[in-house]
Structure formats: C-alpha cells, structure tokens
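Worksheet for the structure shown next.
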Amino acid sequence: MSVETIFSKIIRHEIAADILYQDKLVTAFRDISPCAPTHVLIVPNVLIPTLNDISSRHESILGHMILIAAKIAKDEGVSADGYRLVINCNKNAGQEIYHLHVHLLGGLLLRPI
Ligand code: AMP
C-alpha cells in the first residue's frame, strides 16, 4: 500500500509551499532546501512512490512532468544556460520522499555526470 507523504498535503494546499504551477496532473513547487539557485520539484498529483512503481498507465503523466519541467525552466530564466532534471529512486539514490518527483536544478554550473 502507498503511504501519503507531505507532498500530498502540498498538492491539496493543506500545508504551505511555494507553488509555481499546478494543473490536473502535476504540481510544481520550490524545494524547501535548495541545492541550486533554481530548485523546483515537479510532482504528479497522484501518489506514485518511486520510479519502480510506474507502468504504461502513467505514460502521459510522466511525459507531462517533463514538459512542465521544461516550461518552468524557461519561466525561471535558466533554459538558455541549461539545467538538470533528476529523479532519485530508492535509498541508493538518496530518495527521501516516497512520492515520485523530478528535481529541476538550474542557475549554476553543475559538475558533469
Ligand atoms: P528526494 O531526496 O529526491 O526524495 O528529494 C526530496 C526533496 O524534497 C528534498 O530536496 C527536500 O529538500 C524536499 N522537501 C522536503 N520537504 C519539503 C517541503 N515541505 N517543501 C518543499 N520541498 C521539500
């Protein structure tokens, strides 16, 4: 069974967050502990704990998350210089919140990976 996280409460506006974008599929808000000048989380409104839990029925949500990440990068003025999208999956990647999310990191020169 999937266990709700703080992200579900943010999506429902039950706790405060700096929400930049929301539609019927996704919510995007600033990371509370930013690792870059622009650090935004793009989150599906439905609870999907990790990348291991996706299936073909999530295809449109996952595509939409990337589209919205690119839109926010443009809105935040980081698209020309560049940015990185990251999805952490489980403990070896350091996932802390078990509600799938894309990190958008921009505004600084990141170490190549
Ligand atoms: P991850 O390690 O990929 O699970 O990333 C979780 C991210 O959520 C971290 O970068 C946290 O700083 C961020 N975070 C945790 N709680 C909040 C919150 N209430 N509002 C915004 N970001 C949060």
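For Lys9, go through the lysines and keep the ones whose alpha-carbon is under 20 Å away, minus same-chain ones fewer than eight residues off.
Candidates past the 8-residue exclusion: Lys24.
Specify the residue with the greatest mean-square fluctuation among Ile61, Ile42, Ile15, computed from a Gaussian network of the chain linking alpha-carbon atoms under 10 Å apart.
Looking only at Ile61, Ile42, Ile15, the largest GNM fluctuation is found for Ile15.
What are the ³J(HN,Hα) couplings of the stretch 45-53, residue after residue, when phi is run through the Karplus curve with 6.51, -1.76, 1.60 and θ = phi - 60°? Round to Hz, x for glycine and proline.
5, 7, 7, 10, x, 9, 4, 5, 9
Whole number in Å², please: accessible area per residue of the chain, 1.4 Å probe, ligands, DNA and RNA not counted.
Per residue, the chain has 60 Å² of solvent-accessible surface.
In the full protein assembly as shown, how much of Ser8 is accessible to a 1.4 Å probe, in Å² to the nearest 10?
Its heavy atoms expose roughly 10 Å² to the probe.
With all protein chains present, calculate the accessible area of Asp81 using a 1.4 Å probe and round the result to the nearest 10 Å².
Here the accessible area works out near 150 Å².
Got a sec? What order do Leu62, Leu41 fall in by accessible area at 1.4 Å, biggest, i.e. largest, first?
The residues order as Leu62, Leu41, largest area first.
Run the accessible area of the chain with a 1.4 Å probe and give the carbon-and-sulfur part as a rounded percent.
Of all accessible area on the chain, carbon and sulfur atoms account for 56 percent.
Distance from the Cα centre of the stretch 82-113 to that of the stretch 1-80, in angstrom?
Rounded to whole Å, the Cα centres lie 12 Å apart.
What is the magnitude of the charge dipole of the chain about its Cα centre, with +1 placed on the Cβ of each Lys and Arg, -1 on the Cβ of each Asp and Glu, and no other charges, expressed in debye to the nearest 20?
Using only the charged Cβ atoms, the result is roughly 120 debye.
5 Å is the cut-off here: which amide hydrogens, built 1.01 Å from N in the peptide plane, fall below it relative to Tyr21, excluding neighbours closer than 5 in sequence?
Here the answer is Ala28, since their amide H atoms fall under 5 Å of that of Tyr21.
Rounded, prolate or oblate: which fits the stretch 1-75, taking a ≥ b ≥ c as square roots of the Cα gyration tensor eigenvalues, rounded meaning a/c under 1.5, else prolate when a/b beats b/c?
Oblate, because a/c is 1.5 or more while a/b does not exceed b/c.
What is the stretch 41-113 by shape, rounded, prolate or oblate, if you read a ≥ b ≥ c off the alpha carbon gyration tensor as root eigenvalues and call it rounded for a/c under 1.5, prolate for a/b larger than b/c, and oblate otherwise?
Oblate shape, in that a/c is at least 1.5 and b/c is the bigger or equal ratio.
The values are calculated or read from the model by the stated rules, or taken from the named source; none is laboratory data. Source: prediction; values computed, not measured. Neighbour counts run over all protein chains shown; Cβ positions are idealised from the backbone, glycine included. Remember, those area values only see protein heavy atoms, side chains included, never the ligands or the DNA or RNA. Shrake-Rupley method; radii C 1.70, N 1.55, O 1.52, S 1.80 Å.
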